[in-house]
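The values are calculated or read from the model by the stated rules, or taken from the named source; none is laboratory data. Just so it is clear, the structure is predicted and the values come from calculations on it, not from any experiment. As a convention, Cβ positions derive from the backbone with ideal geometry for all residues, glycine included, and neighbour counts pool all protein chains shown. With ligands, DNA and RNA removed, areas are computed over all heavy atoms of the protein, side chains included. Shrake-Rupley method; radii C 1.70, N 1.55, O 1.52, S 1.80 Å.
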Number of protein chains: 2
Amino acid sequence: MVNVRDVEKVPVAKDIYKGKRIWAQYLITDKQGAKKFHMRIFTIEPHEYTPPDQHIYEHEILVLKGRGRLLTIKDGDRREVEIGEGDAIFIESNEIHQFFNDHDEPLIFLCIKGSPEIYRECEE
Amino acid sequence: MVNVRDVEKVPVAKDIYKGKRIWAQYLITDKQGAKKFHMRIFTIEPHEYTPPDQHIYEHEILVLKGRGRLLTIKDGDRREVEIGEGDAIFIESNEIHQFFNDHDEPLIFLCIKGSPEIYRECEE
């Protein structure tokens, strides 16, 4: 068990996040024995945005604090929604997603990510 | 996308919860296309507790509000911890778990649950 306040905010490991004012807290990962899905909290500083991201791993998101915008593109269908505290959002496999914080307060959200193991196909 | 405030609090479907003052909000499930893991929020009313539960599905929990106790038993090893806002907890496959709210305020936590699909073994 860990408490959010004791978990270091670190830069997001993925290369495309380099130099961004975006921080990750890795709460439940392989280290705790979680092999199938992982719990993280992301903080996007005021007037910062994430790079567009796309991968097979699904996301389940709960906005904890702040406001922002989420752009998604799925099969060419581009959608943009305002997001705020209490919003629960499902990002499908391979859905392009990009978060924008246009506000003066940090945008903080929980993000569960499926890990590679659960996307492996069984061999025939 | 749904907001927590718009998602009905319903009794927990599982039989062992019958008559308990415990409510579930199903935020992200099969209905949204989430086949691998599901996002729910549970509210345990003051001075109520969950029945002991055990299943192959892992849980990842984040306490959103209130305080309580969590009893876990794994391979005969019995542990009890105080839990409160911001605590992130991993419940392993087949770990017995039981939540107690001994306080005068509701205990509210997010709980991600792995769905059956990701626990199926590949056929040899």
- prompt: Within the range A:47-79, can you find the residues that are part of a loop (DSSP other than H, G, I, E, B), more than 14 Å from every other protein chain (Cβ to nearest Cβ), open to solvent by 30 Å² or more (accessible area, probe 1.4 Å) and over 21 Å from A:Ser115 (Cβ atoms)?
  reply: A:His47, A:Pro52, A:Gly76
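Listed here are the residues, each with its yes/no results for (1) more than 10 Å from chain A (Cβ to nearest Cβ); (2) in contact with an Asp or Glu (Cβ under 8 Å, 6 or more places away or on another chain); (3) closer than 24 Å to B:Lys36 by Cα.
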{"position": "B:Gly84", "(1), (2), (3)": "no, no, no"}
{"position": "B:His97", "(1), (2), (3)": "yes, yes, yes"}
{"position": "B:Asp102", "(1), (2), (3)": "yes, no, no"}
{"position": "B:Lys113", "(1), (2), (3)": "no, yes, yes"}
query: Can you tell me how many residues in the range A:10-58 are out of contact with any Pro (no Cβ under 8 Å at 6 or more places or on another chain) and more than 23 Å from B:Met39 (Cβ to Cβ)?
result: 11
- request: Look at the range B:70-124 and say how many of its residues are in contact with a strand residue (DSSP E or B) (Cβ under 9 Å, 6 or more places away or on another chain) and charged (D, E, K, R).
  value: 12
query: Which of the residues that make up the range B:80-96 are open to solvent by 20 Å² or more (accessible area, probe 1.4 Å), assigned to a loop (DSSP other than H, G, I, E, B) and of a type in the set (D, E, K, R)?
result: B:Glu85, B:Glu92
Criterion (of a type in the set (A, V, I, L, M), farther than 19 Å from A:Ile41 by Cα and facing chain A (nearest Cβ under 10 Å)) met by exactly one of B:Ala34, B:Ala88: B:Ala34
field: Number of positions in the range A:21-35 that are in contact with an Asp or Glu (Cβ under 6 Å, 6 or more places away or on another chain) and of a type in the set (D, E, K, R)
entry: 2
